[in-house]
Structure formats: C-alpha cells, structure tokens
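*Asks:* I have a structure I would like to understand better, so I am pasting it below and will then ask my questions one at a time.
What follows is calculated from the coordinates using simple rules that are stated; it is not laboratory data. Computed from a prediction, not measured in an experiment: that's the story for all the values here. All Cβ positions, glycine included, derive from the backbone under ideal geometry; neighbour counts span all protein chains shown.
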Amino acid sequence: MTLLHGQDIKASVLSMGGRDDDHNPIVVEIDESKFGKVKYHHGHRVEGVWVVGGVELTSERRIFACTVTDRTRETMKDIITRFVKPGSIIRTDFWDGYLGLEDWEQDYIHQRVNHSEEYVTFDGVHTNTIEGTWNGIKMLVQARHRTADAMPWRLVEFIWRRVHQGNHWNALLETLANVEFDRLIGEDAPGTFVPDGPRVPAFTQHRRVEEEEEEEDIMFRLEAINIPVDEAVDRVVNLTDTYGRQGRRHSQL
C-alpha cells in the first residue's frame, strides 16, 4: 500500500518555503533525529537511522523527511536546496552541518537557536514544530521498522497522511482510481532501487553520489561472477557470525 502512497505524493507538495502572496519570507524549521532501537535490549547500544526533515510554518504545514547516511554540510546542503525554495527563513539548531547556510546563493535567511542554552530565543526563534513532528512519526513507526531499509517507507506513509489529513479514506480511493500500476514495476519504476525489495521513493532517502556509484560497482561485480545479491548477503552474514563466535572463544581463553 505504501507504494501507492509514494506515487500519490507530488513534488509540489514537498517543495516549501519561499515567499507568500505579500512577498514575505516563509519560515521553515529544519532538524535531524535518530530513529533507532536498543540492541539486545541492554539499553546501551542503539542501532537505527538518522532522518533530516523540515516543516513549513503555514496553515498547510508542508513537510519533507528523508533518511541520511551522514549529517555533513554537503548532505544538508543537498537536502535543503532540494526541498526549500530560495528566499525562505530557515530555522535550525546549532549543528555544524547548517553553518554557512546563508551563503548557499539561495537568498536564505538563517535563524538559529542554541538548545544547550534555550529552546526559544528572545526573538521567538525555535524548532519546536519539527521536533513535535518527530514525536508524531515515532508514535507511528514501530521500533523494528526504524532501520535504513524500512524507514523511508514509513516516512512515505507519514507524509501521505499529513498531505491528506482529515480526508484519508477519500484520498486513498482516489489514489487507487488514478494510480498507474505499470509504473510500480520494471526498469522505469520511480525512486531508488533496493536489492531484493521494492523501489524506495527518492524523496524519503538521501544518498550521496559516491554511495550510488559504490552500489553500482558492487552490483556489477556480483553479476560478473554470477552470484545473486541475496546469496552474497547470506555469505557475508555467515562469515560475520563465524568470526564473531571465534572471537568470543579466543577472548574467553
């Protein structure tokens, strides 16, 4: 069903900010959040995935959210310039990845709040709206789905729910009536290919060019030696388990 949600979401819905009808800059709050689960239930090691998202402070409350493999300045620039229109007021915390945002030649106005000192500045700058959105997403997404593979699909569902808030049933019927099912399979399917799985809509998963090239190289090498992707993954898992058991035995000697 999430495949249908992804095809129903239009690019115009994800583009936000800019200026209103009176030419005033629109505020967009941007933040990052770790979606993870405690490994082995010991309460120490947390595995999961980082998500970068933004919320437009208008009545429409437009939102974008996508998983990332890092939170570097380059990644933040890629994401923000993709979803946020020039001329916007962008509010963030003091994470280093946002430094220099006003110099990206997008006419952005950067307002920051230092969470180590306060949550709302004297001028009323805050990121409470996007942080509240994180809470809403975490209520929707079960811990077992907070992974790099599953999280993009859960973000598709949340964005779809936000876009069609108060009208989910009619929106679903309209989507089913208008969806082009042949676009959900085959070489022309939208989004990014995930081995042995459905295609993830690109708007909820950010990947660097280097990562895409590395994956293409791995796929090419596997095809050259005629090893299916799932078999290669099984071999890696088995080797990891074997060496892990050997390491634990040596540590006990």
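*Asks:* As a footprinting exposure proxy, order Asp22, Asp31 by other Cβ within 10 Å, with the fewest listed first.
*Replies:* Asp22, Asp31
*Asks:* Taking the mean number of other Cβ atoms within 10 Å as a proxy for protection, how do you rank 119-126, 50-57, 82-89 from highest to lowest?
*Replies:* 50-57, 82-89, 119-126
*Asks:* For segment 83-165, what is the convex hull (Cα atoms) projected area averaged across all directions, in square nanometres?
*Replies:* 7.3
*Asks:* Okay, next question. Non-local amide H neighbours of Gly36 (under 5 Å, H modeled in plane, Pro and chain starts lacking H): which ones?
*Replies:* The list, which skips near neighbours in sequence, is Val49.
*Asks:* Could you give each residue of segment 80-97 its phi-based ³J(HN,Hα) in whole Hz, using Karplus coefficients 6.51, -1.76, 1.60 with θ = phi - 60°, and x for Gly or Pro?
*Replies:* 5, 5, 6, 9, 9, 6, x, x, 7, 8, 10, 10, 9, 8, 9, 4, 4, x
*Asks:* Moving on. Using θ = phi - 60° and the Karplus curve 6.51 cos²θ - 1.76 cosθ + 1.60, what whole-Hz ³J(HN,Hα) does each residue of segment 70-75 get, with Gly and Pro shown as x?
*Replies:* After applying 6.51 cos²θ - 1.76 cosθ + 1.60, I find 7, 10, 6, 4, 5, 5 Hz.
*Asks:* Sticking with this structure for a sec: Amide H to amide H under 5 Å from Ile89: which residues, 5+ apart in sequence or cross-chain, H placed 1.01 Å off N in plane?
*Replies:* Here the answer is Gly18, Ile26, Val27, Val28, Ile109, since their amide H atoms fall under 5 Å of that of Ile89.
*Asks:* Pull up all non-local amide H partners of Gln205: gap of 5 or more, or a different chain, and H-to-H distance under 5 Å with H placed in the peptide plane.
*Replies:* Here Thr67 satisfy the definition.
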